[in-house]
1. Can you tell me which of 169, 221, 194, 187 is in contact with a helix residue (DSSP H, G or I) (Cβ under 8 Å, 6 or more places away or on another chain), part of a helix (DSSP H, G or I) and more than 19 Å from residue 446 (Cβ to Cβ)?
2. Here are some residues: 403, 390, 385. Which one is part of a helix (DSSP H, G or I), within 15 Å of the chain's Cα centre (by Cα) and at pLDDT 95 or above?
3. Conditions first: (1) surrounded by 20 or more Cβ atoms within 10 Å (Cβ to Cβ); (2) under 18 Å from residue 143 (Cα atoms). Residue 384 passes all but one, so which condition is the exception?
4. Restricted to the range 89-101, and to residues that are surrounded by fewer than 24 Cβ atoms within 10 Å (Cβ to Cβ) and either within 19 Å of residue 202 (Cα to Cα) or at pLDDT 80 or above (or both), which residue is nearest to the chain's Cα centre (by Cα)?
5. Across the range 8-19, what is the number of residues that are outside any helix (DSSP H, G or I) and surrounded by 15 or more Cβ atoms within 10 Å (Cβ to Cβ)?
6. Quick check: is even one residue across the range 365-376 under 23 Å from residue 9 (Cα atoms), surrounded by fewer than 22 Cβ atoms within 10 Å (Cβ to Cβ) and under 16 Å from the mean Cα position of the chain (by Cα)?
7. May I ask you to list pairs of residues, at least six apart or on different chains, whose Cβ atoms are under 6 Å apart, with the first in the range 101-124 being on the phi > 0 side of the Ramachandran plot and the second being modelled with pLDDT of 85 or more and assigned to a loop (DSSP other than H, G, I, E, B)?
8. Taking the range 291-347 only, how many residues are without any contact (Cβ under 8 Å) to a residue 60 or more places away in the chain and not in a helix (DSSP H, G or I)?
């Protein structure tokens, strides 16, 4: 019976790597396996047990926490259309222009602010790639440093809340966390904020040191170039560039951290706030609303179809005793909790080369969560480590989405090899931060 669970898991993984749609692969193969077992091995699977699946499906559909997903998606896409990113980049370019590597540092800071405002990696990378990459290359930055900085900064929305990944991860851990303490989305946001900000600081330090060691790769802006960014209303632009996104960040994260609103309620506030900011920027139109609505529905439908397929897989996997088999196997191997944690981190890292974060969350996380519970590990801490690991998956070739997004908007002279070369130091930095969070788990509970 347990062997059938392992066969199901391996079959789904291989089928996804073959390129079949994830949602229908998860749900379809699971249903086919259930039907086959009920016919050829009725002692293993009784189709009457599968009736309980409908309760699981409706439990997902009625999940109040998951309402935050379309709202955060809407907020992020609306802010992309508002022009806030362009104003931020222009302002930061002036503020950091006289510092070695200042332009690249401004990209990192803007990436962090956009992460706390939008949380959508694709929108952030494309926006910064279109606006800042030509400017960085024009002013003599090395192609690898420029592209690596933009690609890495664009992924900060994965770990800095409000993050769709953190919402999905917290919900998946809770649904698989039988007998363990619940992982609240608000607590996940709090726990991930400090590691995310520390990662931003490490990015800035790397660029600053790189610019001092190799100044030819990150030249300082001249007075003439700084004048290109300035005009007589520059002071007013500084205020507007910071006040608008910071107001939204305070409204969303502040209300969650202060206990005034749940993450779902804060997401609704953020969605409305994004509309108001777009109105203030005089960018709102019927066309914009139509585009934002369509993209929101498209992304939300994709996420929920995968989630429903993953729910079907997880139900059958448990019905076949797959989770109990893995728990028994790991415990019989006499692994220490930290050795097992490192093995899982390595598996997630390798999986990130081939499949995206949604598939990893819905396929691998439900399988390993009971094992972490068996070892008595803090699932909030484990969740932050998984989120940091999944952030790397956006940067690892051949299927790193951040690399695809950037290559799609980069000038023709930018080679894929330049982008790959540029992201390597940032992947190393992320690995170091993961190591520090493992060594000092108390960092996630400072806030």
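1. Working: 221 fails: part of a helix (DSSP H, G or I); 194 fails: more than 19 Å from residue 446 (Cβ to Cβ); 187 fails: more than 19 Å from residue 446 (Cβ to Cβ).
Only one candidate passes the filter, namely 169.
2. Details: 403 fails: at pLDDT 95 or above; 390 fails: at pLDDT 95 or above.
Selected residue: 385, the only one of 403, 390, 385 that is part of a helix (DSSP H, G or I), within 15 Å of the chain's Cα centre (by Cα) and at pLDDT 95 or above.
3. Of the numbered conditions (1) surrounded by 20 or more Cβ atoms within 10 Å (Cβ to Cβ); (2) under 18 Å from residue 143 (Cα atoms), the odd one out for residue 384 is (2).
4. Going through the qualifying residues, I end up with 96.
5. Residues of the range 8-19 outside any helix (DSSP H, G or I): 18-19.
From what is left, the residues that are surrounded by 15 or more Cβ atoms within 10 Å (Cβ to Cβ) are none.
The qualifying residues number 0.
6. no
7. Hits for this filter: 101/218; 119/162; 119/163.
8. 4
The values are calculated or read from the model by the stated rules, or taken from the named source; none is laboratory data. Keep in mind that this is a model prediction, so the values were computed, not measured. We place every Cβ from the backbone using ideal geometry, glycine too, and count neighbours over all the protein chains shown.
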